[in-house]
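Each remark here refers to the structure printed beneath this line.
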Amino acid sequence: MTERPVILLVTHHDRQVTEAEFRARYNRDYAIEVVETGQEALARAEQLCSASAQLAMVAAEFDLPDTTAIELLRQMQMVTPTSRRVALVGMDGYLNHLEELKQAALERDMDTFVGIPRGPRDEEFHTALIELLSEWGWSVARPVISAVDIITDQPTPTTAAIRDMLERMGLPTRMLGLEDEDAQAVLEEAGPGAALPLVRTFNGSIIQDATAQSVGQHLYGGYDEIPEGEIADVLVIGAGPAGLAAAVYAASEGLSTIVLEEDAIGGQAGSSSMIRNYLGFPRGISGMRLTQRSRVQASRFGARFYTGRPVSSVEPGPADEPEHHHVVVDDTHLCSRTVVLATGVAYRRLDIASVDEWIGMGVHYGAATSLAREMEDKDVYVVGGGNSAGQAAVHMAKFARSVTITVRRESLAATMSDYLIREVEATPNISVLPNTRVVGGRGQGRLTGITLEEIPTGVTRDVPADGLICLLGAQPACHWLPDSVVRDDHGFILTGRDVPQDRWRGGMPPTSLETTTPGIFAVGDVRAGSMKRVASAAGEGASVLPLVHAHLAALRRREVEETA
């Protein structure tokens, strides 16, 4: 059996051109296997799965001798749920089948459909395939070459947090036991008595007694590297979609830009397995890919990122220095003429001791993509009814034997996008338990079961559970802000006309995204009244820049007037 992942190509009428196209581009890294009928394809897929081969993609010509691509790929989901499924459509029948293809893609019978190339260098065709293979490689396949290795004697909540952060950043990561040959080399270099866990980064550095925070700070720089006395034009707190968009636009317009992030760059959005309704990505894009590209884009324009420690306070500019604000991180004081608060939200905890003791050992707050590969043939529960919960459930269902979504409401309709509800309904191993909540947990070394309660009756029952992903209603992550930045009763930051009139200045409200403190802005999920969607957060991050420019211009005018 070849060690290369397999692409199973199902083609008959257009076999010559289709097979040639696949072999020319993918034959080095993938084993291309070709069959001509649906029955042959199903039989071969079952053989490959039984042999534990990696089946990366099934690509099927629309018209097969015994079936259609839609029907075949629908059946393939049961045989190999983690494989990417593509319908190949000849140009002569493309328009005739377009509506049923779109419906099949909407109902998750396939990942996408593409036209069979009619000539050389059909880059649109290959872009579609490469995007799918890239997502498969990140979310399903084990890394062939790792960027970071974690060496530990046993899995712990700390090692789980490190791995989850690294995978959300798109860094291929291996977990190595002490007996592993590669681990032995790292242990020898670290020296006797090295404190576990050890983390070896892509530049060869070794971090002892590692935590997610120390690894993040090592990868993206510590706060002590910021030059003393520097005053930035824009300081963004939070590197989710809103903060990243603000950083891209600020840096691209020549403003000195610093971004601070306590956790993984990408925020909660970085853990989304697949976002299908983001503008410009018709086949969808993972949160990791979207935020990774945004980080690289901002960095190339000159934005600097610092991670690993939380901001402890923001101090508005004092009377003798009103032109800039102070941001405090531990003992480090950073100065900036404007501050953009993009801290997003944190998922609420269940606050059930018997559940929370297994955090990192089967229980996760947030959509832990790193958990998915461990859940093969196991039972997973997802708590929450929003889009993040739906995305997590659909992704987990590719690996788990069963995925159950528990929600307190009657249904998902009020909180989840329609396209995701249809995906959930079309995935055979996902079920939904309405009017239900988790009230307990149990385990032995890791989570093994939970207790569910039917809300109307109060009746409880114990069920086996190998994984519990909690994506509950979110809380704003800004409790450390000064009272001068006014928030609503739920802790979300008030901006613009939502600010109480008694806090307006000169009878005028703050600008649309400005807080009650001039020069401090709020964007994304942390802002009261925001849409709580990735696209709207990114839009607000971009929209804040004209307001930042206006504030900086006002500061320059004031400086000119004072020196005149």
Report summary line: With criteria (1) buried (at least 17 other Cβ atoms within 10 Å of the Cβ); (2) over 17 Å from S256 (Cβ atoms); (3) assigned by TED's automatic domain parsing to the domain that holds G524, G360 comes up short on (3)
Requested in this report: Restricting attention to strands (runs of 3 or more DSSP E) lying wholly within region 240-322, give those where 1 or more residues are at pLDDT below 90.
Outcome: 304-307, 313-315
Query - Within region 332-349, tally of residues that are touching a His at 6+ places or on another chain (Cβ under 8 Å) and of a type in the set (S, T, N, Q) - result: 2
Report task. Specify which of the listed residues (G524, G541) is on the phi > 0 side of the Ramachandran plot, surrounded by 13 or more Cβ atoms within 10 Å (Cβ to Cβ), in contact with a Pro (Cβ under 8 Å, 6 or more places away or on another chain) and of a type outside the set (D, E, K, R). Result -> G524
Query raised in the report: Can you name every residue in region 237-255 that is more than 18 Å from the chain's Cα centre (by Cα), in contact (Cβ under 8 Å) with a residue 40 or more places away in the chain and under 15 Å from P546 (Cα atoms)?
Result: A246, A247, V248, Y249, A250, A251, S252, E253, L255
Query raised in the report: strands (runs of 3 or more DSSP E) wholly in region 1-120 with at least 1 residues that are among the hydroxyl-bearing types (S, T, Y) - which ones?
Result: 112-115
Report task. Would you tally the residues in region 325-357 being of a type in the set (G, A, S), within 24 Å of P464 (Cα to Cα) and either buried (at least 22 other Cβ atoms within 10 Å of the Cβ) or touching a Cys at 6+ places or on another chain (Cβ under 9 Å) (or both)? Result -> 0
Report task. Quick one: count up the residues across region 168-216 that are polar (S, T, N, Q), surrounded by 14 or more Cβ atoms within 10 Å (Cβ to Cβ) and over 24 Å from A372 (Cα atoms). Result -> 2
Query raised in the report: Could we say that P510 is free of Cβ contacts under 8 Å to residues at least 24 places away in the same chain, touching a helix residue (DSSP H, G or I) at 6+ places or on another chain (Cβ under 7 Å) and not assigned by TED's automatic domain parsing to the domain that holds A389 here?
Result: yes
Report task. Take region 521-564 and flag every residue that is over 20 Å from the mean Cα position of the chain (by Cα), closer than 30 Å to I275 by Cα and not in a helix (DSSP H, G or I). Result -> F521, A522, R527, A528, G529
Report task. Say whether the condition of being surrounded by fewer than 19 Cβ atoms within 10 Å (Cβ to Cβ), in contact with a helix residue (DSSP H, G or I) (Cβ under 8 Å, 6 or more places away or on another chain), not assigned by TED's automatic domain parsing to the domain that holds W358 and not in a helix (DSSP H, G or I) is met by at least one residue in region 158-167. Result -> no
Query raised in the report: Does region 426-439 include one or more residues that are among the basic types (K, R), on the phi < 0 side of the Ramachandran plot and either more than 22 Å from the chain's Cα centre (by Cα) or surrounded by 23 or more Cβ atoms within 10 Å (Cβ to Cβ) (or both)?
Result: yes
Query raised in the report: What do you reckon, is V534 buried (at least 23 other Cβ atoms within 10 Å of the Cβ) and either free of Cβ contacts under 8 Å to residues at least 60 places away in the same chain or farther than 29 Å from R437 by Cβ (or both)?
Result: no
Query - Positions within region 368-393 being over 15 Å from P464 (Cβ atoms) and assigned to a loop (DSSP other than H, G, I, E, B), in sequence order - result: A368, E376, G384, G385, G386
Requested in this report: Determine, yes or no, whether A392 is in contact (Cβ under 8 Å) with a residue 40 or more places away in the chain and among the small types (G, A, S).
Outcome: yes
**Report entry** Candidates L176, L219, filtered to the one that is at pLDDT below 85 and under 27 Å from G366 (Cα atoms)
**Finding:** L219
Query - Selection within region 44-65 - surrounded by 21 or more Cβ atoms within 10 Å (Cβ to Cβ) and either more than 21 Å from D29 (Cα to Cα) or more than 31 Å from the chain's Cα centre (by Cα) (or both) - result: E61, F62, L64
Requested in this report: Return yes when L290 is touching a residue at least 24 places away in the same chain (Cβ under 8 Å) and more than 29 Å from R337 (Cα to Cα) and no when it is not.
Outcome: no
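The values are calculated or read from the model by the stated rules, or taken from the named source; none is laboratory data. If you're wondering where the values come from, they're calculated on a predicted model, not measured in any experiment. Neighbour counts are summed over all protein chains in view; Cβ atoms, including those assigned to glycine, are modelled from backbone coordinates with ideal geometry.
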